[in-house]
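Structure first, then comments.
Bear in mind these aren't lab numbers, they're just calculated from the coordinates by the rules spelled out. Since this is a predicted model, take the numbers as computed values, not measurements. Positions of Cβ are backbone-derived with ideal geometry, glycine not excepted, and every protein chain shown enters the neighbour counts.
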């Protein structure tokens with residue numbers, strides 16, 4: 001029996017790094033301190049529908065084949081494609097992401113991450129206005145006002161409030177929850193909102209209006225605020241603005257309720273400007289509540305290797321970036337790609353119908369530990385090791401801090417990185433023989 005301390009949970013963007021895992025006969029038998037979602041990642045992984053063998057679709061059915069045959073078939077698809085979409089790569093290691101970008105460049109493909117349908121607008125907002133941020137440790141130690149805007153960590157990031165924000169005890173917040181004012185801004189009263197000191201319910205898609213009203217109040221222009229804005233009374237807007245001005249340290253955690261509602265990246269732009277305004281009176285920062293455990297890592301790796309965080313098109317031989325044109329759903333709905341390779345993501349369960357209809361018409365290569373709706377659309381399937389459990393690797397927490405995930409048990413499966421490297425080598429071999 002082995003007891004592994006300080007393991008990292010590779011489930012969500014919190015990347016909790018205080019997990020203790022017990023392993024017996026190469027099976028994880030106990031997990032301490034993980035949330036129910038994280039525990040299922042460690043212990044329940046053996047109960048899921050694991051892909052056991054590489055597969056190729058023949059006569060309409062996926063059949064088991066050797067790894068070498070699957071690599072040959074996938075490489076042929078990539079070499080024969082005029083423009084491939086490479087998508088996902090956010091629930092895997094930075095090392096795998098780096099190789100995925102190399103594969104995209106080698107094949108003249110377009111590579112995009114799951115951020116494009118969640119926090120992609122945040123990247124655009126940061127490019128336009130900046131993103132005054134901090135580490136989760138700084139928030140834990142200093143923040144006396146915590147705002148959750150358009151997110152529900154009670155469900156999506158279960159340990160976030162206890163480890164990093166609302167309930168955590170820090171150097172200047174030694175009483176934990178008693179030292180903090182917790183505010184939730186959302187369109188409905190979520191389980192997170194039920195824990196808040198102040199819940200601000202806003203009209204659907206009106207985030208930008210509330211941001212603008214708060215900025216007006218903080219900058220002393222109360223006269224331009226109408227009696228009701230975004231479904232919130234002027235009195236409540238002024239009260240909230242006053243709380244932000246008088247706080248010692250405010251952190252705004254914002255989620256997809258902000259990034260994917262009406263106004264999209266302009267919401268993030270507005271929040272960034274709001275943070276700057278608050279900083280004229282006190283101290284404030286903003287942090288996106290990232291979902292996939294390494295979606296932040298994709299943005300980091302892609303930016304340092306190509307200069308762009310997502311939606312990168314290598315068709316022209318050099319990286320080209322134009323979200324709205326080069327995003328995964330953009331090219332699928334227009335029918336602008338003729339093949340796809342999907343790893344560590346499940347567009348089959350999350351993409352709109354028009355995108356999936358087209359995805360079903362083109363050759364699809366899947367790399368994933370588990371069968372999912374995307375498997376039903378795939379023509380070549382590679383089973384992969386679970387990073388953070390069966391393989392080590394680097395990931396970036398939602399606040400941009402890199403952490404090294406441990407290998408806890410042995411596996412027969414190759415890693416996403418190894419599969420990407422084998423595809424690169426086979427593609428080069430086929431190109432050399434052409």
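Over 10 Å intervals from 0, what percent of Cα-Cα pairs in the stretch 261-364 sits in each interval?
So the P(r) values, bin by bin, are 12, 32, 36, 14, 6, 1.
Once both labels are modelled 7 Å past Cα along the beta-carbon direction, what's the residue 174-residue 224 spacing in nm?
For residue 174 paired with residue 224, the spin-label model returns 4.4 nm.
Using only Cα atoms, figure out Rg for the stretch 386-434 and give it as a multiple of 2.2 N^0.38 Å.
1.56
Quick check: the angle from helix 416-433's long axis to the longest principal axis of the chain, C-alpha only, nearest 10 degrees?
50
If one takes the longest principal axis of the Cα atoms in the chain, at what angle in degrees, from 0 to 90 and to the nearest 10, does the Cα axis of helix 234-246 lie?
80
Quick check on the exposure proxy: order 89, 149, 304 from fewest to most C-beta atoms within 10 angstrom.
The fewest-first ordering by Cβ neighbours comes to 304, 149, 89.
Fewest first, what order do 164, 254 take by the number of other Cβ atoms within 10 Å?
254, 164
Where both residues lie in the stretch 314-391, what percent of DSSP beta bridges are antiparallel, nearest 5?
Among the beta bridges of the stretch 314-391, antiparallel pairing accounts for roughly 0 percent.
Take peptides 10-17, 61-68 and line them up by average Cβ neighbours within 10 Å, highest first, as a rough protection proxy. Could the numbers behind the result be given before it?
Values: 10-17: 24.0, 61-68: 13.1.
Result, highest mean first: 10-17, 61-68.
What 222 nm value per residue comes from the helices of the chain, counting each DSSP H run with n ≥ 4 as -39,500 (n - 2.57) and dividing by all residues, nearest 500 deg cm²/dmol?
-10000 deg cm²/dmol
For the stretch 56-185, rounded, prolate or oblate, judged on the Cα gyration tensor with a ≥ b ≥ c (square roots of eigenvalues), a/c < 1.5 rounded, else prolate if a/b > b/c?
It comes out prolate by the Cα gyration axes.
When the convex hull of the C-alpha atoms of the chain is computed, what volume per residue in Å³ does it have?
138
For the stretch 96-253, report the translational diffusion coefficient in µm²/s to the nearest whole number, using Stokes-Einstein at 20 °C, 1.002 mPa s, and a Kirkwood Rh over Cα pairs.
Answer from the Stokes-Einstein relation: 122 µm²/s.
With r as the distance between the Cβ atoms of residue 234 and residue 48 and R0 = 56 Å, compute the FRET efficiency 1/(1 + (r/R0)^6) and round to 0.05.
The value I calculate is 0.65.
Quickly work out the residue 57-to-residue 262 label distance, labels modelled 7 Å from Cα along the C-beta direction, and quote it in nm with one decimal.
3.9
Residues of the stretch 4-25 with the amide nitrogen closer than 17 Å to a label point 7 Å from the Cα of residue 37, along Cα-to-Cβ, please.
Output list for this probe position: 8-19.
Please check which bits of the stretch 138-157 a label hung off residue 242 would reach, taking the label as a point 7 Å along Cα-to-C-beta and the cut-off as backbone N under 20 Å.
It comes to 144-147, nothing else.
Calculate the radius of gyration of the Cα atoms of the stretch 213-311 to one decimal place, then report Dmax, the largest Cα-Cα distance, as a whole number, both in Å.
16.1, 49
Could you list 365, 183 so that the one with the fewest beta carbons within 10 Å of its beta carbon is first and the one with the most is last?
Values: 365 24, 183 21.
Listing 365, 183 from fewest to most nearby Cβ atoms yields 183, 365.
Taking a ≥ b ≥ c as the square roots of the eigenvalues of the Cα gyration tensor of the stretch 287-434, is the shape rounded (a/c under 1.5), prolate (a/b larger than b/c) or oblate?
On the way: a/c = 1.34, a/b = 1.17, b/c = 1.14.
Taking the square roots of the gyration eigenvalues as a ≥ b ≥ c, the stretch 287-434 is rounded.
What are the semi-axes of the equivalent ellipsoid of the stretch 186-247, taken as the square roots of 5 times the eigenvalues of the Cα gyration tensor, listed largest first and rounded to whole Å?
Working: eigenvalues 80, 41, 15 Å².
Result for the stretch 186-247: semi-axes of 20, 14, 9 Å.
Please report, for the Cα atoms of the stretch 2-44, the Rg to one decimal and the Dmax as a whole number; what are they, in angstrom?
Both quantities, over Cα of the stretch 2-44: 9.5, 30 Å.
Restricting to the chain, what percent of DSSP beta bridges are antiparallel, rounded to 5?
Of those bridges, close to 45 percent are antiparallel.
Given an 8 Å cut-off on Cα distances and at least 6 residues of separation, report the relative contact order of the chain as a percent. Mind dumping the intermediate values first?
On the way: 938 pairs, mean separation 105.5, N = 434.
Reported as a whole number, the value is 24 percent.
State the extension gain, in nm to one decimal, for the chain segment bounded by residue 404 and residue 321, taking 0.36 nm per residue of separation less the distance between their alpha-carbons. Intermediate results must be reported in sequence, preceding the final value.
Details: separation 83, 0.36 × 83 = 29.88 nm, distance 2.94 nm.
Length gained between residue 404 and residue 321: 26.9 nm.
Got the relative contact order for the stretch 120-288 handy, in percent, Cα pairs under 8 Å and 6 or more residues apart? If you can, show how the numbers build up before the last one.
Numbers: 322 pairs, mean separation 53.6, N = 169.
Normalised by residue count, the contact order of the stretch 120-288 is 32 percent.
So for the pair residue 188, residue 305, with labels modelled 7 Å out along Cα→Cβ, what separation do we get in nm?
Label-label distance for residue 188 and residue 305, simple model: 3.9 nm.
Take every Cα pair under 8 Å in the stretch 91-216 that's 6+ residues apart, average their separations, divide by the length, and report that relative contact order as a whole percent.
Relative contact order here is 17 percent.
Have a look at 280, 300, 260 and tell me which one the Gaussian network model of the chain (Cα, springs below 10 Å) gives the largest fluctuation.
For the chain, modelled as a Gaussian network with Cα springs under 10 Å, the answer is 280.
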